[in-house]
Every structure is written in C-alpha cells, then in structure tokens.
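Participant: Let me give you the structure first, and then I'll get to my questions.
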Amino acid sequence: MIIMGTNIWSAVEGTVCSASDVAMTSEQSWAKFRACRDGALEQFIDFFQSKPLLYDDLSTTQKNELKAYRQALLDLPATVLAAVGDNAVLTDVDNYFHAYAKQPTWFADKHPMGLIHT
C-alpha cells in the first residue's frame, strides 16, 4: 500500500512497518533530532532525578557526571548546529549523541537500559 510517499507493509510476524520515499527536509530532521534529545533527557536524566532514593545513592562524582551529561544533552542541538550548519539534514542522529553527549560509564550498572550513547 502506498499513501502520499509512504510505503506501509506487514512483516511475516505481523509487525506493521512503514518507510517514506519523500526526502526529509532539514527542518524536519532538526525537529526529529530535538525530539530524540528530549527523549534522552526524559529516559536517562529524569530516571535518576525523579527518584530521590536512587539519586541520593549516587556518589558526588556520579552526580556531577550526571549533571554534565544533562548539560551536554541540553546543548546538543547547538553543538551539532555549530558542527554541521542549519541546512544539514541529520540522518543518523545516534552518531551525534555518541560524539557529543557520552553517557557516564556507570550507567551500565545503574540504569536499566545500561549504556546507549557511549
């Protein structure tokens, strides 16, 4: 089935998949990038900061590393913008997380998802 540039199909096990054959604009890619960054803030930073007992269990060094990681995530759009320019279409956003917002290594033991952006 094709709907306005989007191909939709079902995999053998029933998973519905879709892909667009319409090129993403720079503006759309930056919006997607910011949404990924917002998700990372919620998933990784809020996980600790919204749980006082878990947050209080972190060492001073870990709290400082969490604070630095949070700031790196907040700064990520500006950091990437300076590196690639605002007309760039960001296709593999994970590369930018890996390059500019590395998670503290202790996430491997303290976060249920472990290390994602290393």
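Participant: Once you list every other residue whose beta carbon is under 13 Å from the beta carbon of LYS110, what net charge do they have if Lys and Arg are +1 and Asp and Glu are -1?
Facilitator: So the surrounding residues net to -2.
Participant: Read phi for every residue in region 44-58 and hand back ³J(HN,Hα) as whole Hz from Karplus 6.51 cos²θ - 1.76 cosθ + 1.60, θ = phi - 60°, with x for Gly and Pro.
Facilitator: The phi angles translate into 9, 7, 4, 3, 7, 6, 8, 10, x, 5, 5, 5, 5, 6, 6 Hz.
Participant: Sticking with this one: With a cut-off of 18 Å, note down the residues of region 38-53 whose backbone N falls inside the zone around a label point 7 Å from the Cα of ALA108 toward its beta carbon.
Facilitator: none
Participant: Note the direction-averaged projected area, equal to a quarter of the hull surface, for the Cα convex hull of the chain, in nm².
Facilitator: 9.6
Participant: For the chain, modelled as a GNM with alpha-carbon contacts under 10 angstrom, which of VAL16, VAL84, VAL93 fluctuates the most?
Facilitator: It is VAL16.
Participant: Assuming R0 = 35 Å, can you tell me the calculated FRET efficiency for the pair GLU13 and GLN62, based on Cβ-Cβ distance, to the nearest 0.05?
Facilitator: 0.30
Where a number appears in this text, it was derived from the coordinates with a stated rule and is not lab data. In this text the structure is predicted, and so the values were computed from the model without any measurement. A quick note on method: Cβ atoms are made from the backbone with ideal geometry, for glycine too, and the neighbour counts reach across all protein chains shown.
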